[in-house]
Amino acid sequence: MNLYYPHLEEFISLTCFVLFLLLIGKVIKYILLQRKELSKFPLIFFVWIMVITLYVLFSGYLYLNAEPSHRLIVLGWSLLFWFIPMFYYSFFFVNVVTSQIVEQISPIGDKIEDPSPFANARKLALMGDIDGAIALYRSYKNNQVEALFEIFRLLKSKERHEEAFQTLQEIIENYEDRTSAWIEAKYYQAKIKSAIFKKYNEAIQLYKQILRKRPKTPFHTIASAEIARLQAICKTDSSSADNSDITNTSTKKEAGQNLDDSHVQHFSKEQKKRYILAVEDTLLGSYVPPDPFFKGDIKKVMKDMEESAKEPKRKKTTSEIGKKTSNKNTRKEETVKKQNTKKQTKPKEQKKKKS
């Protein structure tokens, strides 16, 4: 056993020293995050060289103190343990180098100025250090709510939906006095529940919590429309499980009859129309949402387009072509006569003026 493994004291000393180096790296990274100076290239390069020299000195100390027959084993295990701090500090060093490259993308070499207070965190996210970016976002104490929303968007873009949901829950619990942020966080939670986890009933409850919150915001109208849409989806799921052979005509009639009267009572006419259209969409897949920027009548436009598409293109007959050419010739003759009359009248007027 002793031929291939170091002594217990050597193994413990190597493990403790590697953990010590990792702890130093964590402390340095935390300090730089607090000072928003994570991309200081000379400092990181100095730390990297310092770690290499420290480990070489420590492993050399173990090598010299070991027995001559055991030194080769100590050297091999020292190299094996070196891979742990090497990977950690190399990743740290590569992040700094890439941040310097990102800052000097322009051909002239000018630095890109980001007016956002989260510029350094966004650079870390662009470099792929998501956890480092999240830690840096959390260090912004002055804009903590906005920083938490940035963390939510970052986690959502990386499809870490559970963590994104918990970040929104943190905003809801800690910043209930900020109504707009609370409502926005609830809205995104409901979207995650419905779109990602497919838990429609839970999403409906979250949307109803938004409707009970005051003052009213644009999210209230979106929440009411989403409740209608999700209720329609739930009804279609339950009805499709019971009756799989429903015809298109029967579903259109039942769509208007199966509305939840307790929910639709406070709707306006336009909201009721959208509700019915949303039901038809979930049942038949035929609903196209209206364009909010189009002020005309969409139905008339669609009818005109359908009629124009149905009308066959008719070829022009020879008689029609002949009529057009004759009309052009007559117009040309009239213009020539007018020009001749103008030329004849001009010398007569000049003679009168001379006399």
Completion exercise
When restricted to K186, K158, the only residue surrounded by 17 or more Cβ atoms within 10 Å (Cβ to Cβ) and within 27 Å of A121 (Cβ to Cβ) is K186
Exercise for the section: Report whether or not A232 is aliphatic (A, V, I, L, M) and exposed (fewer than 15 other Cβ atoms within 10 Å of the Cβ). Expected result: no
Fill in the blank from the handout: Conditions (1) in a helix (DSSP H, G or I); (2) within 29 Å of A121 (Cβ to Cβ); (3) in contact with a helix residue (DSSP H, G or I) (Cβ under 6 Å, 6 or more places away or on another chain) -> Y207 fails only (2)
Practice task
Can you tell me which residue within the range 115-167, out of those that are under 19 Å from the mean Cα position of the chain (by Cα) and not in a helix (DSSP H, G or I), is modelled with the lowest pLDDT?
Solution key: S116
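The values are calculated or read from the model by the stated rules, or taken from the named source; none is laboratory data. Source: prediction; values computed, not measured. Cβ atoms come from the backbone with ideal geometry, glycine included; neighbour counts cover every protein chain shown.
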